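Notes follow the structure.
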There are 2 protein chains.
Amino acid sequence: MSLELLQKEYEALRAKAIKLDLTRGKPAPEQLELSNELLALPGTGDFTAEGATDVRNYGGLQGLAEARKLLSSLLGAPAEQVVLANNASLSLMHDTIIFSLVKGNADSAKPWGKEEEISLLCPVPGYDRHFRICEDYGIEMIPVAMNADGPDMDEVERLVAADASIRGIWCVPKYSNPTGAVYSDAVIERLASMKTAAKDFRIFWDNAYGVHHLTDEKIEIANILERAAAHGNANRPFVFASTSKITFSGAGIGGFAASKENVAWLLARLTPRTIGPDKVNQLRHVRFLKDAAGIAALMEKHRALLAPKFAAVEEIFAAGLTGLKDVSWTKPKGGYFTSLDVPAGCAKRVVSLAKDAGVVLTPAGATHPYGKDEADRTIRIAPSFPKPEDVRAAAEAVVLCVKLACAEKEAGVLEPVGAKA
Amino acid sequence: MSLELLQKEYEALRAKAIKLDLTRGKPAPEQLELSNELLALPGTGDFTAEGATDVRNYGGLQGLAEARKLLSSLLGAPAEQVVLANNASLSLMHDTIIFSLVKGNADSAKPWGKEEEISLLCPVPGYDRHFRICEDYGIEMIPVAMNADGPDMDEVERLVAADASIRGIWCVPKYSNPTGAVYSDAVIERLASMKTAAKDFRIFWDNAYGVHHLTDEKIEIANILERAAAHGNANRPFVFASTSKITFSGAGIGGFAASKENVAWLLARLTPRTIGPDKVNQLRHVRFLKDAAGIAALMEKHRALLAPKFAAVEEIFAAGLTGLKDVSWTKPKGGYFTSLDVPAGCAKRVVSLAKDAGVVLTPAGATHPYGKDEADRTIRIAPSFPKPEDVRAAAEAVVLCVKLACAEKEAGVLEPVGAKA
């Protein structure tokens, strides 16, 4: 289609004055509805947990025993190696970082904050909130390429072996944010066994989408805690997961799993901060979810609501974008995102065009450290929240904006968008 | 009574093999019972808060508007100057300290952690968990005397004017932990107006017992935020409070109030850590407590359960300890503690005797920085948790242990207890 025709089509789209939002990986109200029982649980007579624990009162820093059992398989560790906190695993990630800065982790010679320089490896594209923590605390981010089977391990191994300032790596190992990539067993084996110059190197293993399948395949990945221990690196992984996208995003349970030594370290670090997490909410979740089978059954219902939205995006992208030069997108088998790549220099333009047409997308660059996608290629698509018909309308709009930006580039009239962040 | 007779009486007590615990300020099960409605709230159809906020989903970093209104009078600030977090105001205190260490507060020239030395004033006796945070992060604690009307302000003013390393003071202004002291208006005025060498000086105003009256008097204190602002020191106070001892100790709401600039600072600091607190629990509390009058009515029920326990301690201490040299105790009009002073060098002995007789008391020294009560005089008594008859039995046992320790001291046979911490 000619630039002129596309412009006309775009003006027609703008005239419709639609208002849609594909920015964040939020569950839709229909998904939250699935857990509404929680709103009346545990019930007025139910406040006693295992070990005669009164969940209403103080105490229980590690979290309720039965809640740790419930999330044990999600975290890939026995209950005694699980720590449950309040409503956000992001807070646990943040806290392990800030505790490392101020006190060092269980293997640190001194606090990270006392080092000349501290850096973390960031597979790219990745999760903006991981990058935000690093940026906020002045931890240098070193990007490494994210492939379909996980980070570029040749590069990772080379970097961590040579540079002791590198103290960790951010990983979303399954249905990764935003590409949907799944780490292969081989990649996990290399992460678990690689030589690191830093003795206190940590893998920040954000397994946010462990049970968040979109297909029948229900992919399982290798257990990083077991593999690291097998290679004598038991303290290397910090594993994080939550029920945020299982029950309620704002009122779930965040969890941490690691070696016994790491668990002792975290509990010692948490002791000055709190007497214990909200145990009533933990009991509420135990009563509602019951066990791993209960979680799996609930996730099937989420899938029934989510899969059609991802299918719509795939269908509309395939129909509209197939064959377009340097345009590609991922087809995730789980998780909350699709990643759309457009020709170099076009991502910001697409986001800007979409915005002017009433479709808000995650800012281009958000998937990269410091918000800087040098090639200006990657756009994160989050289709979970809007209604199905709105997902379709938004995907159609995105297709048009991509085609228009491509045509502009082709014609040499691509408007520069916010050249500097 | 002779030493010998007291020893016999003590052996008779030991023979009874009682098992009682007066260690921590935990509400009794009967008090938690008062809020059992919360266990089934907000109810399966109730998840929409003001502004069409879906409390089940992500977002709302500052906390629900109606929950901030609910706790506004408790915190002494308008709702827009309130930040609500999860279940522990202690976590908010910890976080303001660690954020100050790593980033500095809104008035800091650089992060506290980059200074040669940082210290906080600690009115003594005080709250062990405040001291624990300082100790954990290497913040020097400078003790100042705690009088019946608040800290010794001559000393406080002298210290903060002279020493820029002093960045703050811990205060429990009302029904203080552990003496029950209430800050006078004059003390609050001096705290609000005093000259501090440090520009980023903060008052950590832990108003944990703001509505926790034990008498009809229902003492109100001056508003530190208003007084500080009136003196041009609007950013000086960080105010903390929670519903931990109003509803559920483990599942309440922790809150922070401060100047607009401080609130903006805290929200910016919290942004990398979380997308928002548990809003379902905030809505649950709004539905249950409704308003300040609802809180006051509930606190009357707490008082009906707590006041007799404090009365029993007072009655038994008065009957058994009156006239004993260098023995005194406080008669709190609110809060959770009584502070018992014994002759110098006797506190550890009393705690040790009580323990051997089956009555666990808070370790002697816990009320002092680094756990070191040089005079070995102060014992914190926490009568809230045990049943009334157990409070009586424990108080009787404490009386006997104090009398025995006094007699041992008199006779020059006081056994030294753990001379070094």
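Just so you know, all these numbers are worked out from the coordinates, no wet-lab data involved. No experiment lies behind these values; they were computed from the predicted model shown. Cβ: placed from backbone, ideal geometry, glycine included. Neighbour counts: every protein chain shown.
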message: Quick check: pseudo-label points 7 Å beyond the Cα along Cα→Cβ at A:Ala264 and B:Ala264, how many nm apart are they?
response: 4.6
- prompt: Once both axes come from the Cα atoms, what is the angle between helix B:260-270 and the longest principal axis of chain B, in degrees from 0 to 90, rounded to 10?
  reply: 80
- line: For chain A, the longest principal axis of the Cα atoms and the Cα long axis of helix A:292-321 enclose an angle in degrees, to the nearest 10, of 20
- request: Putting +1 on Lys and Arg Cβ atoms and -1 on Asp and Glu Cβ atoms, find which of B:His368, B:Ala407, B:Pro383 reaches farthest to the positive end of the dipole of region B:361-415.
  value: B:Pro383
- line: Of B:82-89, A:35-42, ordering from highest average Cβ density within 10 Å down gives B:82-89, A:35-42
field: In Hz, Karplus ³J(HN,Hα) per residue of region B:185-193 (6.51, -1.76, 1.60; θ = phi - 60°; x = Gly, Pro)
entry: 4, 5, 5, 5, 4, 5, 4, 6, 10
statement: About its Cα centre, the protein assembly as shown carries a charge dipole, from +1 on Lys and Arg Cβ atoms and -1 on Asp and Glu Cβ atoms, whose size in debye to the nearest 20 is 500
query: Can you give the net charge of the other residues whose Cβ lies under 11 Å from the Cβ of B:Asp107, counting K and R as +1 and D and E as -1?
result: +2
statement: Taking the alpha-carbon centre of each part, the distance from region B:191-244 to region A:19-35 in Å is 41
- prompt: What does the charge dipole of chain B about its Cα centre add up to, to the nearest 20 debye, if the Cβ of each Lys and Arg holds +1 and the Cβ of each Asp and Glu holds -1?
  reply: 700
- line: The distance between the Cα centres of region B:93-158 and region B:303-346, in whole Å, is 29
- prompt: In sequence order, what are the phi-derived ³J(HN,Hα) couplings for region A:229-239 according to the Karplus relation 6.51 cos²θ - 1.76 cosθ + 1.60 with θ = phi - 60°, rounded to whole Hz, with x for glycine and proline?
  reply: 4, 4, 9, x, 10, 4, 7, 5, x, 9, 9
- line: Inter-copy distances for A:Arg14, nm, shortest first, label points 7 Å along Cα→Cβ, are 9.1
field: Most positive-pole-ward Cα, A:Gly150, A:Ser184, A:Cys171, against dipole of region A:40-289 from beta carbon charges
entry: A:Cys171
- request: Can you tell me the dipole magnitude for region B:245-352 around its Cα centre, using point charges on the Cβ only (Lys, Arg +1; Asp, Glu -1), in Debye to the nearest 20?
  value: 320
- prompt: Taking Cα atoms, how many degrees apart are the long axis of helix A:3-16 and the longest axis of chain A, rounded to 10 and kept between 0 and 90?
  reply: 60
- request: Step through the residues of region B:219-227 one at a time and calculate ³J(HN,Hα) from phi using the Karplus curve (6.51 cos²θ - 1.76 cosθ + 1.60, θ = phi - 60°), rounding each to whole Hz and writing x for Gly and Pro.
  value: 5, 10, 10, 4, 8, 5, 5, 5, 5
5 angstrom amide H check on A:Ile166, placed H, neighbours 5+ away: A:Ser119
- request: Starting from the amide H of A:Gly63, placed 1.01 Å from N in the peptide plane, find each other amide H under 5 Å away whose residue is 5 or more places distant or on another chain.
  value: A:Leu84
task: Would you mind putting A:278-285, A:169-176, A:382-389 in packing order, based on average other-beta-carbon counts within 10 Å, highest first?
output: A:278-285, A:169-176, A:382-389
query: Which FRET efficiency, nearest 0.05, do A:Ala148 and A:Glu374 yield, Cβ-Cβ r, R0 25 Å?
result: 0.75
task: Just grab the label-to-label distance for A:Glu220 and B:Ala12, each label 7 Å out from Cα along the Cβ direction, in nm (one decimal).
output: 6.7
field: Position B:Ala148, label points 7 Å along Cα→Cβ, spacing to each other copy in nm (shortest first, one decimal)
entry: 8.1
query: If you build the Cα gyration tensor of region B:78-187 and take the root of 5 times each eigenvalue, what three semi-axes come out, in whole angstrom, biggest first?
result: 22, 19, 14
- line: Expressed as a whole number, the average count of other chain Cβ atoms within 10 Å around the Cβ atoms of B:276-288 is 4
query: Over all residues in B:20-28, what is the mean tally of Cβ atoms on other chains that come within 10 Å of each residue's Cβ?
result: 2
